[in-house]
Each structure stands twice: as structure tokens, then as C-alpha cells.
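Asker: Right, I'll just put the structure down here and ask away after.
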Amino acid sequence: MSTTTTPAARASQTLPPAAHGLSRRQFGLAAGSAVLTVAIPLGAQTPPQPAAPAPAARPPVNRAPGSFIRIGTDGVVTFLLPTCEMGQGIHTAQAMILAEELGADWTRVRTAMPEQVTPDYRLPMGQQRSVGSFGVRFWHDPLRRAAAQTRELLTLAAAERLSVPPASLAAEDGQIIHVASGRRVPFGDLVQAASALPVPQTPVLRPAEQRKLAGKTMRRIDTPGKVTGRALYAVDMKAPGMLHGAVRLSPVFRAEVESMDPASVRGMPGVVAVVPVPNGAVVVARSWWQAKQAADKLTIRFKATPNDRVSTPELDERMRAALDGGTLPAALQRGDMDAAFRAPHRIMEADYAVPLLAHACMEPINCMAQAGPDRLDLWTGTQAQDILLRECGAAGGYKPEQVYFHNAYLGGGFGRKTQAESAIQAMLASRAVGGRPVKVLWSRADDMQQGQYRQTMMCRMRAALDADGRIQGLRVRVAGPQMGRDNGIPLTNGVVDGMSLTGIIDMQYQIPNMLVDHAVVPMPMALSPWRSIANSFTGFFVEAFINECAAAAGKDPLEFRRQHLRGRPRMLAVLDRVAQSAGWGNPAPAGVARGLAVVESYGSPVAQVVEARLRDGHVKVEKVHVAIDCGRAINPGQVESQMSGGVVDALSVALRAKITIKDGRAEQSSFGDYQILRMGEEPQVITHIVEIGSPLGGVGEPGVPPLAPALAAAASILSGKHVRRLPLADDGLA
């Protein structure tokens, strides 16, 4: 079958499967290019040290540099990148890491993604995923090592050709250079000779003073294609003979099909098949519009479920009741809570709440599949190849080595594209039509109403303050689902769901006595990680309460935080920098209120100051100051973009966006009733990157958590009432 795919996919299709467990390099030629495949004991590598959360340790595996670098005889260097590009700029950052260490000519660098899942591309937690802001902080060291090994192979080959010592050579701009004489040999001329040499097991990494790319703002390599329209997303994929699939899914969460009459649409224009899938059906037709028209008219009945009458007010009442419940196993307990609350100077208590959220990716959910008897091809944009591998394998009986990915650009992910529904639907639909390729495309309403959501949660915070205003005891109860366990992630110590409690159990504040528990309230709908996962709401709970405690103690919010963050230099550094940027301590402009928050997530502390004013009774955010310590910025311009993106995402949901439930189904269907920030509402975002020698941290997600609590503080000043639930529209402020 010939197909139309992304340039990345086309490049990846020329690659032979990566080899593993080899004791020496192998060399091969494919389409005029050479591939070095070298086994490296993982234990010999220096692992990255992300501050938190780190993937769980896994048994050592071999990683082959040839899995990441391909050098053609024409001198073109192709980097095979393990992380998907969904707008976060990771392909540019990872290519910069590889190119700098290798000495490649940046203008002759190409990128692609591997077409099969192998151990080389898996995170230590055992899966190939693009999550957790791991793209730089996890892959930095393995990619550098792979590039250094390849550079040394090329250097050794050049030394033999030029009859000079290897130490007299340098790798720059895609050539090996004899420094004394200026003689040069292009990489492409050395590939075959390099393949015959033993692979260096202890490559020497370039010293920091030789860095020319890292730390320099580079234009993203995917930008030209995206601004000219040449870049292809998964939704753009086409294939000869391709059919289209539209879904008809249960409107009520988790309802199964009771009966279905394919004859009800069989005579409609273009309809080819009606295919049963989990929780509904896919109608396959010659065009998507024909498929959608038929899917809407398909006679289908769903079984009654206990969720048929579920509503948002009922779910809220369940969580409020859980907050009032009795003793639960502690997720975190330290100090003596009874002593802390025995004779406090003041007790502060407040309840907070956040709603369900949709991911609302600009590119709708989609996947094209061609399901043969012994091979499954998936043209998609996924954040989680291993999940698709496992679930499509289980649904279709494919072995891992029979599944091929042609991963395209993602038009947004935010955690939503870690799920496999559309891939399974496309695979089943393709099988039903004899193995022809079928592209399944969800409508916006399908995604908004039958999708998966960021969980709704409530939290009760109770603090004992001493006469000096210090928090001596903190009692936290979170009420809501265990999303981590729902997504197959085991609880830590049998109690702690990281997707619900991260940001609370690992908060940076120095509080001597603390007790945290989780009152579990199951939810009927499917839940999926949303940008910054638990930190998206625990950051709001903790920092909004800190601001309230500061006010109760009669202290400036900045000084109150400093008082409780002694011994936390990274947190203090970003606080100082953002305070300097905002002129904290000086009067705000007339009519403007400021709010402050600081959250560490994914290994990077981020502080933000929101400046807002009231217009027609609504909060208008004019400026957001941001300071981040991500260790070292590989591409500073992209770090700034990620901070701006995080602010926009967080502001959208803090002001207006939410999913509400009535009669067991989502009420919102599109951007008309799920309102994200309009371009005219975007604030000015001023970002500062703080570098104090910290370990590498993430940048994709940490920009989100501080925004809502900083905004709530400013909104409370403007409105004169505490803002304790999101979105602000619920309080008439947006």
C-alpha cells in the first residue's frame, strides 16, 4: 500500500528495526544511508536526576546509539527522537542536545520518530510516553552519550584516514577537522569506516565551554512547516483506498450497547459498514461527512446504568460529605498534630473546589489504521505508544513486533492523547472492511462529551498559626477520585495516589506537623491526566490557602512564604526574581491588584505574580510575571513560550472553562459553551529564567499550577470576597 504520511514518518519507514542486546555495533545501508547500531549497558550511563517526580527504577536495558542517530553517506544527519512533538518544541531541544554533542551541521539535521516501540525509547518507568515534562530532563544524558559515542567513532575513522592522532581532531559542522592543518573530512565520508571500529564504551562528553547551541534561543525546526501549512498532523493522513469512520458512542458514561440496527443506515449514501466498538459503533463510509450523517441516524440503544441520573450537584455533594467523614488512613503524617492544635494563636480553615475539565485539543481525536492479518499500521499522533501497543494488541491479537507507528505532529495533547480509544476503533473498523485503511475522526462534540476529563476535586485545609504567624500544624483532606489507580498506576504505600496528591504530600513549605489524607469518591466518567496533572489543582489548594494564612497573620504574602521556605534556595530564588520583576513592595497601578504564588512541579519551581483589574465586574488579567528555575535552559526562547502557554491554559480554566454533568452526560459540546481564553484576553507574560546550578527540570507543565492561586489572590482583593473555587465565573467574576 502506498500512503501519504509526514516527512518524519516517511523517514522512519526507511529504517530497519533497532537491534538490542548486541555486544558490538552493526552497520547497514538503507536508501543510501548508513545506520550505526551500538549496544550500551545502561548501567554505565549517568542517569539524570530530576528533582520530582522521577520514573520508577527499572532493570538495566541496552540502548543503541543507532536508535537515535542516522548519518547518511550524503552527510545528512537524522535524529530519531523518542518524544512526540505536540507544540512543546521538544524535537528542537532534543535535536540541539544531539547536534551539539555530535558536532553536526545544524542546517543538515533532520528529525524523525521511530516506527516501532523498543526498549531503547522507553522511559525508566517502562513505557514510551511523552509525559511528565521528561523530554529534556530525562533524555538529556542518554542522548548526549549516544552522540558522543557516534562522534568518537567518526573521529577514530578520520584519524586513520588522515594518519594523525585522534586527539588532534575535532568534530564541527558535520565534519571531522584536523586542527593543526585544517584538513576536513565530512561525516558522510566516514560512515562505513566508522562502522568497522570498536564502539567506545566510555565516551568523553564535550566540556561546557564548547557548547554553541545549548543555552541559545534557536528557531524551532517544526515552525517553517507549520506556518506554511506543509506540516502534516495525524488528522491530515490519507491513503489510497482509505475509508472514513465516524463514532456513535454512549452519551451516558460507561453505558454498553443494548441493541443496534445497522440496516437503519445501510442504504445511506457512501455507507460501507457499521462496526461495533466498545461503548458504541463506528460507521464507515466513503467520506467522513457521509459517515457522520449515518452515525447520527443509526438506530442504537444503550443499556441503563447507575450513572443515568448523575449530575454535578450530586457529585459535589458526595465530595462535601467525604470532607466531613471520619478518620482515614494517612497519606502523610509527621510531627504531633494534637500538640500543634492544642493552643494555637489562630486557626485558619477553608474549603476549595475545582471542576471537571476537558483537554480541548485543537486537533480532534483521530487515528488511521490498516489492520492486516499479521501487521497493524497506525497513523496517529500519540503521547503513549506503549498504551496503544498494549491495548490494540489485546483488542486485535497483535504481537508487539507486529504493530507499526507512523507518528505525526499532535495538534495539542495535554495528556488526552495518551489514550487508545480511536486507535482501537480504527483497527476494528479496518478489520471489518477487509483490511482497507480507515481513518476514524471524532467530532468536537464527541471529544467534549464522550472524552476523558481532568478530575473534579475538593479540599479542606486547616492550619494552626502561632503568635508569630508561622504555621505549626496543617491538616489537609482531599476528596475526589483516585485517578492514578483508575489509569492503572498502583498506589504508593497502598494509600497515596500520585495523580491526586502530588503537590500536597511533597510541598516545599517547612511545616513541622502535618497530616494529609484522601477521601476517595469514585466518579462515573473516564478520567485522564491533564496538563500538570494533580499539581493543576493541588497548587491552587495550597497556594490559595497560603495567601489566606498570610492575610490572617497580617503578613505580606512574599515575606510569609519566605518565612516558611527557609532552606529551599530554588523556591526563594524564583520568588525573589518574580518579586523584582513585578516591583513587589511598591504600590500597584491604580485599580490593579496583585496576587502571588509559587509551586514546584516536575523538578522546576515556578513563581508567578498576576496583575489584574475589574472591568464591568469581571476580572481582567493584564500582566503575569513568571520566574522559573529549570536547571539550565537548553532553548531559552522555548522555555519562555512554554511559560506563556502554561499561563494561557491555566487562565482559561481559572476564568470560565468547566465540564458539568446532567443526567449522566456532559452538558458542554464545543468552544461555545466550554470557553477558553480568546486572543484579545491574553495577558502580557514576562518570563525570567533563573539559573543557580540546579538539576534539569521540566518546562512543559510547571507554568500551569501557580496561575490560579495567584489569580485568586488578586481577584479576592478586587472583589472583597475569598475566591475558593474555580472557575471564577461561578462567583460572577468572569
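The values are calculated or read from the model by the stated rules, or taken from the named source; none is laboratory data. This one's a predicted model, so the numbers in the text were calculated from it and none came from an experiment. Positions of Cβ are backbone-derived with ideal geometry, glycine not excepted, and every protein chain shown enters the neighbour counts. Accessible surface areas use protein heavy atoms only, side chains included; no ligands, DNA or RNA. Shrake-Rupley method; radii C 1.70, N 1.55, O 1.52, S 1.80 Å.
Asker: How large is the accessible surface of TRP288 in square angstrom, using a 1.4 angstrom probe and rounding to the nearest 10?
Answerer: Ignoring ligands and nucleic acids, TRP288 comes out at about 60 Å².
Asker: Take segment 218-282, drop everything but the C-alpha atoms, weight them equally and run the Debye formula without solvent; then report log10 I(q)/I(0) at 0.15 Å⁻¹ to two decimals.
Answerer: One equal scatterer on each Cα of segment 218-282 leads to -0.70.
Asker: Just the Cα atoms of segment 686-734, one point each, no solvent: what log10 I(q)/I(0) does Debye give at q = 0.13, 0.18, 0.28 Å⁻¹?
Answerer: Those come out to -0.46, -0.68, -1.08, one per q.
Asker: Once neighbouring chains are kept in place and the probe is 1.4 Å, which whole percent of the accessible area of the chain is contributed by carbon and sulfur?
Answerer: Looking at the chain in its full context, I get 52 percent from C and S.
Asker: Would you list which aspartates and glutamates come within 20 Å of LYS721, measuring only between C-alpha atoms, while excluding same-chain residues fewer than 8 positions from it?
Answerer: By straight Cα distance, LYS721 reaches GLU349, ASP351, GLU543, GLU548, ASP556, GLU611, ASP616, ASP730, ASP731.
Asker: Moving on to the next point. For segment 477-593, what does the accessible surface come to per residue with a 1.4 Å probe? Please give it in Å².
Answerer: Counting only protein heavy atoms, the per-residue value for segment 477-593 is 33 Å².
Asker: Using the heavy atoms of the protein chains alone and a 1.4 angstrom probe, what is the accessible area of segment 292-387 per residue in square angstrom?
Answerer: 47
Asker: In what sequence, highest mean first, do 477-486, 538-547 appear when ranked by Cβ atoms within 10 angstrom?
Answerer: Descending packing order for the listed peptides: 538-547, 477-486.
Asker: Specify the inter-centroid distance of segment 171-198 and segment 241-316, based on alpha-carbon positions, in whole Å.
Answerer: 59
Asker: Could you give the Stokes-Einstein D for the chain in µm² per second, using the C-alpha Kirkwood radius, 25 °C, 0.890 mPa s?
Answerer: 90
Asker: Output the Kirkwood hydrodynamic radius of segment 166-223, Cα pairs only, in Å rounded to one decimal.
Answerer: 14.0
Asker: Assigning unit charges at the beta carbon (Lys, Arg +1; Asp, Glu -1) and nothing else, what dipole magnitude in debye, to the nearest 20, does segment 184-262 show about its Cα centre?
Answerer: About 720 debye.
Asker: Which values, in whole Å and largest first, are the semi-axes of the equivalent ellipsoid of segment 440-561 obtained as the square root of 5 times each eigenvalue of the Cα gyration tensor?
Answerer: In descending order, the three semi-axes are 33, 16, 11 Å.
Asker: Report the GluC sites (Glu not before Pro) located in segment 640-734 that are in a DSSP loop and have at most 16 other Cβ atoms inside 10 Å of their Cβ, or state none.
Answerer: Here the sparse-neighbourhood loop sites are GLU667, GLU691.
Asker: For segment 325-458, what is the largest minus smallest coordinate of the Cα atoms on each principal axis, given in angstrom and ordered from greatest to least?
Answerer: 74, 31, 26
Asker: In terms of modelled amide H atoms, which long-range or inter-chain residues lie less than 5 Å from the amide H of GLU85?
Answerer: LEU410
Asker: Dipole magnitude of segment 443-482 about its Cα centre, charges +1 at Lys/Arg Cβ and -1 at Asp/Glu Cβ only, in debye to the nearest 20?
Answerer: It works out to roughly 160 debye.
Asker: Counting only residues 5 or more places away or on other chains, whose amide H sits under 5 Å from the amide H of THR111 once H atoms are built in the peptide plane?
Answerer: Those qualifying (amide H under 5 Å, at least 5 residues apart or on another chain) are PHE79.
Asker: A further question follows. What 222 nm value per residue comes from the helices of the chain, counting each DSSP H run with n ≥ 4 as -39,500 (n - 2.57) and dividing by all residues, nearest 500 deg cm²/dmol?
Answerer: Mean residue ellipticity at 222 nm (helix-derived): -8000 deg cm²/dmol.
Asker: I've got another one for you. Would you grab the residues whose amide H sits under 5 Å from the one on SER601? Only those 5+ places off in sequence or on another chain, please, with H modelled 1.01 Å from N.
Answerer: Long-range HN contacts for SER601: VAL606.
Asker: Here's another thing I want to ask about it. Taking loop as defined by DSSP and a crowding limit of 10 other beta carbons within 10 Å, which trypsin sites (Lys or Arg not before Pro) in segment 635-720 fit?
Answerer: Loop-located and lightly packed - ARG678.
Asker: In units of 2.2 N^0.38 Å, what is the alpha-carbon radius of gyration of segment 248-319?
Answerer: Computed over Cα atoms of segment 248-319, the ratio equals 1.35.
Asker: Turning to a different aspect of this structure: Positive end of the charge dipole of the chain (Lys, Arg +1 and Asp, Glu -1 on Cβ, about the Cα centre): tell me which of SER264, VAL164, VAL621 has its Cα farthest that way.
Answerer: It is VAL164, whose Cα lies furthest towards the positive end.
Asker: Report the Cα-based extents of segment 547-686 along its three principal axes, largest first, to the nearest Å.
Answerer: 50, 38, 31
Asker: Among the trypsin sites (Lys or Arg not before Pro) in segment 188-222, which ones are in a DSSP loop with at most 16 other Cβ atoms within 10 Å of the Cβ? Mind listing them?
Answerer: ARG211, LYS212, LYS216, ARG219
Asker: Calculate the dipole size of the chain relative to its Cα centre from +1 charges on Lys and Arg beta carbons and -1 charges on Asp and Glu beta carbons; express the result in debye to the nearest 20.
Answerer: It works out to roughly 780 debye.
Asker: Mind computing the radius of gyration and Dmax over the alpha-carbon atoms of segment 211-346? Å is fine for both.
Answerer: When restricted to the Cα atoms of segment 211-346, Rg and Dmax are 27.1, 78 Å.
Asker: Give, in whole angstrom and from largest to smallest, the semi-axes √(5λ) of the equivalent ellipsoid of segment 575-635, with λ running over the eigenvalues of the Cα gyration tensor.
Answerer: Equivalent ellipsoid semi-axes, largest first: 26, 13, 9 Å.
Asker: Please state, as a whole number in µm²/s, the translational diffusion coefficient that the Stokes-Einstein equation yields for segment 512-606 at 37 °C and 0.692 mPa s, with Rh defined as the Kirkwood radius across alpha carbon pairs.
Answerer: The diffusion coefficient I find is 209 µm²/s.
Asker: Once phi is turned into θ = phi - 60°, what whole-Hz ³J(HN,Hα) does the Karplus curve with 6.51, -1.76 and 1.60 give for every residue of segment 359-370, x standing for Gly and Pro?
Answerer: Calculated HN-Hα couplings, in order: 7, 6, 5, 4, 8, x, 5, 6, 6, 10, 10, 10 Hz.
Asker: Report the accessible area of GLU363, computed with a 1.4 Å probe over the heavy atoms of all protein chains in place, in Å² rounded to the nearest 10.
Answerer: Here the residue's solvent-accessible area equals roughly 10 Å².
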